[in-house]
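A.B. asks: Below is a structure I'd like to ask you about.
The values are calculated or read from the model by the stated rules, or taken from the named source; none is laboratory data. Keep in mind the model is a prediction, meaning the values are calculated, not measured. Virtual Cβ from ideal backbone geometry, glycine too; neighbours counted across all protein chains shown.
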Protein chains: 2
Amino acid sequence: MAIQRNEQRMNVKPEIKVEPAAMPDGYVLEDQVGHLIRRAHQRHTALFIAMIGDEQVTTTQYAALVKLYQMGELSQNHLGRLTAMDPATIQGVIRRLTLRKLISHRPDKNDKRRRCLSLTGAGRDLVGRLLSNGPKVSKATLDPLTAAEQQQFVALLKRLT
Amino acid sequence: MAIQRNEQRMNVKPEIKVEPAAMPDGYVLEDQVGHLIRRAHQRHTALFIAMIGDEQVTTTQYAALVKLYQMGELSQNHLGRLTAMDPATIQGVIRRLTLRKLISHRPDKNDKRRRCLSLTGAGRDLVGRLLSNGPKVSKATLDPLTAAEQQQFVALLKRLT
DNA sequence: GCAGCATCATATGCACACGAACGATATCGG
DNA sequence: CCGATATCGTTCGTGTGCATATGATGCTGC
């Protein structure tokens, strides 16, 4: 995932300008909050992949692993709620982590529908190694802002949920 | 896409608490800026789908349509750069919009590699209808914040790119 | 009890998102 | 002019994200 792939191009042909059809003015796509959030998400994901310390662990997989590390044992859907993933999404994440033998599961004896998920030894080891990199990713993501602005930004972001 | 699907559950079984393995304390997933950005992105996408005024147009498709509407005619990769999509991603977006006959293309006479993309009449009509909903989506996304906070938030977000 | 409803996990289909690799074309340096 | 390099668009593979549907199980109220 290349960060700022679109910058610093020397060799791009000049684009042909045609009639702009109709400028509804005022509406600038780049100023829309949704577009900015999407780009911030892209940038964070790129930083995460580059810095987290494992070639394959993604942002959502990391969230699931950390929650299991801290909470011990959880059902699949409950883990999904704690990490903001719907049942279909968490299912795929858990399947891939189970394939990597980072997570194991056993049936719940009180509720036959549930799978009790927990980390394997390898899973605990991995989380132990990656956990210190988490704050570094957050730091890098917020790096363009001053310390005061970082606090402000995170506080505002929390209110948007 | 249900907004806040995980709230207000009355019927969830109490989860079984097991040993939390090891609390590395201080590290709270929900406070990490990446997790918050991801959730903000989810929320915005849900609001967009609900409010934009077309059942099938997605955030990225909307961005591509608006750019073409304002710029007239663009090559595929150039449009991708303007909307922050890599070549593989913009290719799929354009393919789906072409299938819906909202976009047409012709070969560039100066550069045989390029496809010159532009809106069809139906595409221009659709953008015309949706364009006024764009600001409403932004407004709804920022609604939890005061006017001053909204300005602050967008300004900070722009610095993170 | 038991009928209706909720929840659990699964499966399918669609849409982003990106890395990697590819062939075709364009451009630049010597 | 020609070789190195870059860009254009495509394809494949993997992973997220959600709507929708389904079958199994659990719970609540009558």
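A.B. asks: Please go through region B:46-68 and pick out each residue that is without any contact (Cβ under 8 Å) to a residue 40 or more places away in the chain, β-branched (V, I, T) and surrounded by fewer than 18 Cβ atoms within 10 Å (Cβ to Cβ).
C.D. replies: B:T58
A.B. asks: Quick one: count up the residues across region B:127-155 that are touching a residue at least 12 places away in the same chain (Cβ under 8 Å) and among the polar types (S, T, N, Q).
C.D. replies: The total comes to 2.
A.B. asks: Find the residue count for region A:92-112, including only residues that are of a type outside the set (A, V, I, L, M), more than 10 Å from chain B (Cβ to nearest Cβ) and within 11 Å of DNA strand C (Cβ to nearest atom).
C.D. replies: Number satisfying all stated conditions: 7.
A.B. asks: Please go through region B:35-68 and pick out each residue that is closer than 30 Å to A:E73 by Cβ and either touching a Phe, Trp or Tyr at 6+ places or on another chain (Cβ under 6 Å) or at pLDDT below 95 (or both).
C.D. replies: none
A.B. asks: Kindly provide the set of residues from region B:66-77 that are within 8 Å of DNA strand D (Cβ to nearest atom) and touching a helix residue (DSSP H, G or I) at 6+ places or on another chain (Cβ under 9 Å), ordered by number.
C.D. replies: Residues satisfying the conditions are B:Q76, B:N77.
A.B. asks: Failed condition for A:A63, given (1) at the interface with chain B (Cβ under 8 Å from one of its Cβ atoms); (2) touching a Leu at 6+ places or on another chain (Cβ under 8 Å); (3) more than 11 Å from DNA strand D (Cβ to nearest atom), with all others met?
C.D. replies: (3)
A.B. asks: Can you tell me which residue within region A:134-161, out of those that are more than 7 Å from chain B (Cβ to nearest Cβ) and outside any helix (DSSP H, G or I), is farthest from the chain's Cα centre (by Cα)?
C.D. replies: So the residue we want is A:T146.
A.B. asks: All but one of (1) of a type in the set (S, T, Y); (2) more than 13 Å from chain B (Cβ to nearest Cβ); (3) within 9 Å of DNA strand D (Cβ to nearest atom) hold for A:T89, so report the exception by its number.
C.D. replies: (2)
A.B. asks: Please give the number of the condition B:A21 fails out of (1) in a helix (DSSP H, G or I); (2) modelled with pLDDT under 90.
C.D. replies: (1)
One line per residue, one yes/no per condition, for (1) in contact with a Ser or Thr (Cβ under 9 Å, 6 or more places away or on another chain); (2) in contact (Cβ under 8 Å) with a residue 12 or more places away in the chain; (3) β-branched (V, I, T):
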residue: A:D31; (1), (2), (3): yes, no, no
residue: A:Q70; (1), (2), (3): no, no, no
residue: A:D86; (1), (2), (3): no, no, no
residue: A:I90; (1), (2), (3): yes, yes, yes
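A.B. asks: Taking B:S75, is it more than 30 Å from A:L142 (Cβ to Cβ), of a type in the set (G, A, S) and at pLDDT 95 or above?
C.D. replies: In short, yes.
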